[in-house]
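Q: Pasting a structure here, questions to come.
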Amino acid sequence: MSRFFLVACCVLSMCGIVRPVEPKIKALIVDGQNNHNWKATTPVLKDLLEQTKLFTVDVATSPEKGSAGFKPKFSDYAVVVMNYNGDDWSTETQASFVDFVKNGGGLVIYHAADNSFPKWTEYNEMIGLGGWGGRNEKDGPYIRYRDGKIVRDESKGRGGSHGKQHEYVVEHIDREHPITKGLSAKWRHASDELYDRLRGPAKNLTVLATAFSDKSTGGSGENEPALMTIDYGKGRIFHTIMGHDVKQMNCVGFAVTYQRGVEWAATGKVTQKVPEKFPTPDKVLPVK
């Protein structure tokens, strides 16, 4: 039986029929090192998934330094959520992770996880675009959204920056993808970092949503990718640049796209209903 399913059944007392219960999706959050507050954000990431009633969630926490003994069994899960930006993993753990994704495991890149592992070729292909860690034009192009088209910008320059935190409007440029289908075309995100100038291989990458990085906030002056998907082997990857800390995660737009993105990465579809309330282009809608 596939690792993605548990064996379970329920008895329908009214008619005595036994039939399978739809198994929950097994998700693993990886944390333990980050230049961001992973101790606060991991519980939020976990809670958001559990709220959907679709997931069971475990957490694998690395050592504070190095990666000695850090060997999560990725193959036990349908999807891995990366809340990690730290030391390189062992060759064994890297190989296990690559096999997991390449053979159909789902992967979610959350915020600063796209800063991690700048020298790991396979990881950079998985995330599509990354920043910091010495990344520059040798690592791949910038991806821009100009005049309604995705453009590969081969200009020289650093990989990864952001201006001051501010509210910004996210625009879904692919509204037919299962993650964004049925959601508002534009919505205002809580005050957050808007990653810009990310660059990388950008192979098999689809930009689902962009946000304008205004120069007045210290940004690039470009429409930057905000939500992306990447195909890697048989694996599906969802990449969100949003969610610097708990305050920045307190946004229905962030929460819903994250929840839907994790389900899609795990299963290739989204069964969650479109929420009745969603942010407008003019107003942030907090989760609570």
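Q: If the cut-off is 19 Å between C-alpha atoms, which lysines fall inside it for residue 26, apart from same-chain ones fewer than 8 positions away?
A: 46, 53, 71, 73, 102, 234, 269
Q: Beta carbons within 10 angstrom, averaged per residue: use that to sort the peptides 160-167, 204-211, highest first.
A: Details: 160-167: 17.1, 204-211: 21.8.
So the peptides 160-167, 204-211, ranked by packing, come out 204-211, 160-167.
Q: Relative contact order, percent, of the range 23-267 when contacts are C-alpha pairs under 8 Å separated by at least 6 residues? All intermediate terms of the calculation are to be shown ahead of the outcome.
A: Details: 587 pairs, mean separation 50.0, N = 245.
Result for the range 23-267 is 20 percent.
Q: By the gyration tensor of its Cα atoms, with a ≥ b ≥ c the square roots of the eigenvalues, what is the shape of the range 216-288: rounded for a/c under 1.5, prolate for a/b over b/c, or oblate?
A: Values: a/c = 2.17, a/b = 1.22, b/c = 1.77.
It is oblate, given that a/c is not under 1.5 and a/b is not larger than b/c.
Q: While we're here: Less than 13 Å Cβ to Cβ from residue 62, Lys/Arg counted +1 and Asp/Glu -1: what total charge do the surrounding residues give? Please report the intermediate quantities before stating the final value.
A: Details: positive: 39, 65, 71; negative: 31, 64, 87, 88.
Here the count lands on -1.
Q: For the range 175-284, give the magnitude of the charge dipole about the Cα centre (Cβ charges: +1 Lys/Arg, -1 Asp/Glu; no others), in debye to the nearest 20. It would help to have the intermediate numbers written out before the result.
A: On the way: 16 positive and 12 negative charges, 73 e Å.
Roughly 340 debye, rounded to the nearest 20.
Q: Quickly estimate the mean residue ellipticity at 222 nm for the chain, helices only: each DSSP H run with n ≥ 4 gives -39500 (n - 2.57), and the total goes over all residues, rounded to 500.
A: Numbers: 5 runs with 53 residues, N = 288.
-5500 deg cm²/dmol, from helical runs alone.
Q: Where the only charges are on Cβ atoms (+1 Lys, Arg; -1 Asp, Glu), what is the dipole of the chain about its Cα centre, to the nearest 20 debye?
A: Details: 38 positive and 34 negative charges, 93 e Å.
Taking the Cα centre of the chain as origin, the dipole is about 440 debye.
Q: What are the principal axis extents of the Cα atoms in the chain, in Å, biggest first?
A: Reported extents, whole Å, longest axis first: 66, 46, 32.
Q: Of 219, 257, 81, which is farthest towards the positive pole of the chain's charge dipole, taken about the Cα centre with +1 and -1 on the beta-carbons of Lys, Arg and Asp, Glu respectively?
A: 257
Q: Still on this structure, I have one more. Mind listing the long-range amide H neighbours of residue 87? Cut-off is under 5 Å, sequence gap 5 or more, other chains count too, H placed in the peptide plane at 1.01 Å from N.
A: 66
Q: Further, regarding this structure: In whole Hz, with x marking every Gly and Pro, tabulate ³J(HN,Hα) for the range 279-288 from phi via Karplus 6.51 cos²θ - 1.76 cosθ + 1.60, θ = phi - 60°.
A: Coupling constants for the range 279-288: x, 9, x, 9, 8, 5, 10, x, 5, 7 Hz.
Q: Just for the chain, what percent of DSSP beta bridges are antiparallel, to the closest 5? Write out the running numbers ahead of the final one.
A: On the way: 33 of 52 bridges.
Around 65 percent antiparallel, to the nearest 5.
Q: Another question, if that's okay. When the chain is treated as a GNM, springs tying every alpha-carbon pair under 10 Å, which of 89, 120, 38 comes out with the largest mean-square fluctuation?
A: Among 89, 120, 38, the largest mean-square fluctuation in the Gaussian network model of the chain belongs to 120.
Q: Mind ranking 147-156, 279-288, 78-87 by how tightly packed they are, going by the mean number of other C-beta atoms within 10 angstrom, highest first?
A: 78-87, 279-288, 147-156
Each reported figure results from applying straightforward, stated rules to the coordinates on display, with no laboratory input. All values derive from a computational prediction rather than experimental measurement. Glycine also receives a Cβ, built like all others from the backbone with ideal geometry; neighbour counts cover every protein chain displayed.
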